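The values are calculated or read from the model by the stated rules, or taken from the named source; none is laboratory data. The structure displayed is predicted, hence computed values, not measured ones. Cβ placement follows ideal geometry from the backbone for every residue including glycine, while neighbour counts extend to all protein chains displayed. To get the accessible areas, we keep the full protein, side chains included, count just its heavy atoms, and leave off ligands, DNA and RNA. Shrake-Rupley method; radii C 1.70, N 1.55, O 1.52, S 1.80 Å.
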Amino acid sequence: MNHLPGNMENTLSGSQSSHASLRDVHSINPTQLMARIESYEGREKKGISDVRRTFCLFVTFDLLFVTLLWIIELNVNGGIENTLEKEVVQYDYYSSYFDIFLLAVFRFKVLILAYAVCRLRHWWAIALTTAVTSAFLLAKVILSKLFSQGAFGYVLPIISFILAWIETWFLDFKVLPQEAEEESRLLIVQDASERAALIPGGLSDGQFYSPPESEAGSEEEAEEKQGSEKPLLEL
């Protein structure tokens, strides 16, 4: 059996999809379309989606968690005031944790500004923060003497590195795809509502009106009466 050419198959598939979309338009109630459009528009008016809000909360958690670990490290190594003066005022790249805290502040400011304030829909900001974090931490671990200062020499760099990559994964695989999917759904619903508005006569319930059924046996009784009246007329 011969197969159809590729262009003919594409034409048939396109026509089938168009017929399916038209059937969907006829089957959807206009009130339901308006309700869906209003729900999507209400989400847009909020300015920020739920998944993006969750991402911003996780970025804030990143800053607070690294800050908490740094404060614990300051308190463990001889008191907060003495260690803070040693790590901030007398900053030393090879033994201080202050730069890891500043790195968390840098991630927080860039990501909140890009994805909460400016509502960016691109991955370049998260790529910048993750690249800077990864490069700085790798250089810090290789060149510094953090491993000789106890458990925090392992914990702070590893936690900061992991949180930065979790933020990248969450934005790239959750935030941006879900927002793009919601936007495409809004366009589909709006297109369906426009097609429904172009249908002549609308989708009123009168088009689907069916007359009430006649009682069973009524036609047979009428024929019997007519048959009984004919002999009387002949007489």
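Can you figure out the FRET efficiency of Ile48 with Trp165, using R₀ = 35 Å and their beta-carbon distance, to the nearest 0.05?
Working: r = 23 Å, r/R0 = 0.66.
That pair, Ile48 with Trp165, gives E of 0.90.
Students sometimes get this wrong: rank Ile142, Ile158, Ile72 by accessible area, probe 1.4 Å, all chains present, largest first. Present the calculation step by step, with values, prior to reporting the outcome.
Values: Ile142 130, Ile158 90, Ile72 70 Å².
Listed by decreasing accessible area, they come as Ile142, Ile158, Ile72.
Report, to the nearest whole %, how much of the accessible area of region 50-195 belongs to carbon and sulfur atoms, 1.4 Å probe, protein only.
About 69 percent, which is the carbon plus sulfur part of the accessible surface.
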